[in-house]
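Report on the following structure.
The values are calculated or read from the model by the stated rules, or taken from the named source; none is laboratory data. What you see is a predicted model; the values in this text were computed from it and never measured. Quick reminder, even Gly has a Cβ in these numbers, built from the backbone with ideal geometry, and neighbours come from all protein chains shown. Side chains are part of the model used for accessible areas, which takes the heavy atoms of the whole protein and leaves out ligands, DNA and RNA. Shrake-Rupley method; radii C 1.70, N 1.55, O 1.52, S 1.80 Å.
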Amino acid sequence: MTAVVRPRRFVEPSALPGFGPALGFTMVYLSFFLLLPLAALVLRPWEHGFGHVWSVITERRTLDALKLSFGAAFLAACLNAVFGTIVAWVLVRYDFPGKRLLDAFVDLPFALPTAVAGIALATIYAPTGMIGALLDPYHIQIAYTPLGVMVALVFVGFPFVVRAIQPVLEDLHVEVEEAAATLGASRLRTIALVVFPAILPALLTGFSLSMARAVGEYGSVIFIAGNIQNVSEIAPLLIIMHLEEFDYAGAAAIGLVMLLISAVTLFALNGVQALVARRGLR
Amino acid sequence: MSLEITNVNKSFGRFPALNDVSLLAEDGEFLALLGPSGSGKTTLLRIIAGLEIADGGAVRFGDEDLLAKPVRQRGIGFVFQHYALFKHMTSAQNIAFGMQSKARKLRPSKAEIKAKVAELLALVQLDDLGERYPAQLSGGQRQRVALARALAIEPKILLLDEPFGALDAKVRRGLRRWLRELHERTGLTTIFVTHDQEEALELADRVAVLKDGKVEQIGTPEELYHEPASAFVFDFLGDSFQFPCVVRDGKAVIAGVDVTILGAATPADGPSTAYARPDAFVVGPADGPGFGARIRDVLLAGPDARIDCVLDDDGAIEVRVPHAVAQKLAPRNRISLIPREVRVWAET
């Protein structure tokens, strides 16, 4: 008797044809548009040696800019997580006149050129603008401060949370909440223990996307930020400034640091999300 | 204590869902609300639970005005058609949820909750599946978890909304018998909604048939089956055929033949409509009395043989006869058909 030896396969055969070309295309696409540019970024900063890179990224100004970029992006994503969830909730659970229009408005930050958004925000949040003028008497200034940076980042990241949560909420039947109510749970308890855990994975996705987008945002921020050194100057702007001085290595060095921090953040968030999503699916 | 529903009204926009519905469920009774979709049966159930707000009327349990209380204070167990389990919680956590939601003073201790969960899991015969998530359970198992979850709050009344609607026929039958046994053991006043007449007649102590937001008839399964109050009830409880007839001296004259009218009340003389069950037909030779018909098919599988035939004056009909009769018949044969007994209601 001879045992039938099956060759070990790279993938199990599937009834759906086209795996080979599809994977091939995916790899080529990812390589040209993602992996190669990123590899170039990793290789770029070292032409003037490690010392130059180190001096650029430990410079006070760079550190402040990075802190502002990531800090404001994180806070903006947190704000968006809270208010985006509420907006998604309203759009899914209630019917009211103008709902479709409101739903379309959510995508506006995607559609608008960021510079246009920046000018618009700067106009109304400036001390002479509509909202700025209201806050001015209380000595609260939004435009040209880190607060202004955050406002712009909230603006650009907002649709991500809404769009991530909407389908999940639609999937969560009202019956489930009704069941909690018949079991004697208060509204607060129902939301905390029944609704929130169900939307948590989607919320984390929305949060990561919103934050990722905010970290790299340039166009809408520079108009409202005022770009005061060490105060309201974001990292992407600093990269531009290095480029304008023909310091390509320095620009790439800041870019590399941003890439690393972003990658670590995304991996961490993905990890948490995988943990959360696994509950109930085992 | 009995559950008393008086003159409940409810409309959705301009669509009236319930129209002056009054019902009484005795203490410990198993009551079925039977009706086609849109008859208001689920709406009534949801009003009792507090998931829907009545436009008018009263729902009382003993001396207690149920409508005055919000859902979560009514203490009514509700089982949904699609289970409505909490997906991110295990069976045991689902069952414990209600007990943990009680006010601190009334909440049982952790050990008590754990014991109660184990007891309920045993009751619904899922002893070993407490740690499973809903996604890992079959439909029937999920519905039993949902039932255990509803029972965990020790409800005064148990409401079931088409509890077996999403399950396949065999599982349904098994669960049905099991639910009946469970009811006998717990003695809980139970109201369940279904559109399946077989289920209602088999399970319930009494059945209320609803039509267009009104109670058409309420009675024991026997009463409903033997004394249907209207053509609608008769038709809803099983297949039926209708023929024009003329009532004369307590008999229905159909195609020139005098046919016995079933039922206590004798309808007034005059033209009317007669209703017959498919198993109440006499099959005769081609030149016999009654309607002429041609056999399309003879189906010999099943407790009764079924004969599918086309009537000469248009229309198809499938009657059920004993196998002994059917064996002499074949497709394309010509026969005569006449109902043995019919029911006639005053035309409205």
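Annotations for the structure displayed:
- Neighbouring Cβ atoms from other chains, within 10 Å of the Cβ of residues in B:38-51, number 1 on average.
- Helical runs assigned H by DSSP (4 residues or longer) give the protein assembly as shown a calculated mean residue ellipticity at 222 nm of -14000 deg cm²/dmol, each run adding -39500 (n - 2.57) before division by the residue total.
- Using a Förster distance of 56 Å, the FRET efficiency for B:ASP304-A:ARG93 (Cβ separation, nearest 0.05): 0.60
- Here the relative contact order of chain B, from alpha carbon pairs under 8 Å that lie six or more residues apart, stands at 16 percent.
- Within the accessible area of the stretch A:50-281, the carbon and sulfur atoms contribute 73%, probe 1.4 Å, all protein chains present.
- Nearest-20 debye value, chain B charge dipole, Cβ charges on Lys, Arg, Asp, Glu: 1700 debye
- Peptide-level mean, for B:83-94, of C-beta atoms on other protein chains within 10 Å: 5
- For B:ILE53 and A:GLU244, a Förster radius of 45 Å and the Cβ-Cβ distance give a FRET efficiency of 0.10, rounded to the nearest 0.05.
- Summarising the label geometry, the points placed 7 Å from Cα in the beta-carbon direction at A:ALA277 and A:VAL231 lie 4.3 nm from one another.
- For B:LYS214, a cut-off of 12 angstrom between C-alpha atoms picks up these aspartates and glutamates, skipping any fewer than 8 places away in its own chain: B:ASP20.
- Of the residues A:SER262, A:TRP54, A:ALA143, the one whose Cα sits farthest towards the positive end of the charge dipole of the stretch A:50-281 is A:SER262 (charges of +1 on Lys and Arg Cβ, -1 on Asp and Glu Cβ, taken about the Cα centre).
- Accessible area (Å², per residue) of chain A, counting only protein heavy atoms and a probe of 1.4 Å: 57 Å²
- Long-range HN-HN contacts of A:GLU233 with modeled amide H, under 5 Å: A:ILE228
- Look at the dipole of the stretch A:50-281 built from charges on Cβ: of A:ALA192, A:LEU121, A:ASN80, the Cα furthest out on the positive end belongs to A:ALA192.
- Peptide B:68-80, shielding by other chains (average Cβ, 10 Å cutoff): 3
- Its Cα centre serving as origin, the protein assembly as shown has a Cβ charge dipole (Lys and Arg +1, Asp and Glu -1) of approximately 1920 debye.
- Full-extension gain in nm, B:ASP128 to B:ALA111, via 0.36 nm per residue minus C-alpha separation: 4.3 nm
- Here A:VAL11 and B:SER138 are evaluated by their C-beta separation; at R0 = 35 Å the FRET efficiency comes out at 0.70.
- Simple rule: put +1 on each Lys or Arg Cβ and -1 on each Asp or Glu Cβ in the stretch A:50-281, find the dipole, and look at A:VAL106, A:ALA249, A:GLY219; the Cα lying farthest toward the positive end is A:VAL106.
- If only the Cβ of Lys and Arg carry +1 and only the Cβ of Asp and Glu carry -1, the dipole of the stretch A:50-281 around its Cα centre is close to 460 debye.
- With 21 Å as the limit, the listed pairs B:LYS41/B:LYS170; B:LYS170/B:LYS211; B:LYS69/B:LYS102; B:LYS10/B:LYS69; B:LYS110/B:LYS156 have B:LYS41/B:LYS170; B:LYS170/B:LYS211; B:LYS110/B:LYS156 beyond it between alpha carbons.
- Max mean-square fluctuation residue, GNM over chain B, Cα-Cα springs under 10 Å, options B:LEU300, B:LEU121, B:LEU160: B:LEU300
- Between chain A and chain B, roughly 2000 Å² of accessible surface gets buried, counting both sides and using a 1.4 Å probe.
- Coupling constants for the stretch B:98-113 follow from the phi torsions by the Karplus curve (6.51 cos²θ - 1.76 cosθ + 1.60, θ = phi - 60°), and in residue order they are x, 5, 6, 7, 5, 4, 3, 5, 8, 6, x, 5, 4, 5, 5, 4 Hz; glycine and proline get x.
- Database remark: amide H of B:ARG296 closer than 5 angstrom to the amide H of B:ASP308, B:CYS309, B:VAL310, B:ARG332 (H placed geometrically; neighbours at sequence offset of 5 or more, or on other chains; Pro and chain starts carry no H).
- Amide H to amide H distances under 5 Å link A:GLY184 with no residue, where only residues 5 or more positions off or on other chains count and H is placed in the peptide plane.
- Among B:VAL233, B:VAL253, the sequence by solvent-accessible area, most first, with a 1.4 Å probe is B:VAL253, B:VAL233.
- The stretch B:328-339 - phi-based ³J(HN,Hα) in whole Hz, Karplus 6.51/-1.76/1.60, Gly and Pro as x: 8, 10, 9, x, 6, 5, 9, 9, 10, 10, 8, x
- Rounded to 5, percent antiparallel among DSSP beta bridges of the protein assembly as shown: 75 percent
- Working from Cα pairs under 8 Å separated by at least six residues, relative contact order for chain A is 29 percent.
- Accessible area in square angstrom per residue, the stretch B:21-116, 1.4 angstrom probe: 43 Å²
- With θ taken as phi - 60° and the Karplus curve 6.51 cos²θ - 1.76 cosθ + 1.60 applied, the whole-hertz 3J(HN,Hα) list for the stretch B:136-141 is 9, 10, 6, x, x, 5 Hz, x standing for glycine and proline.
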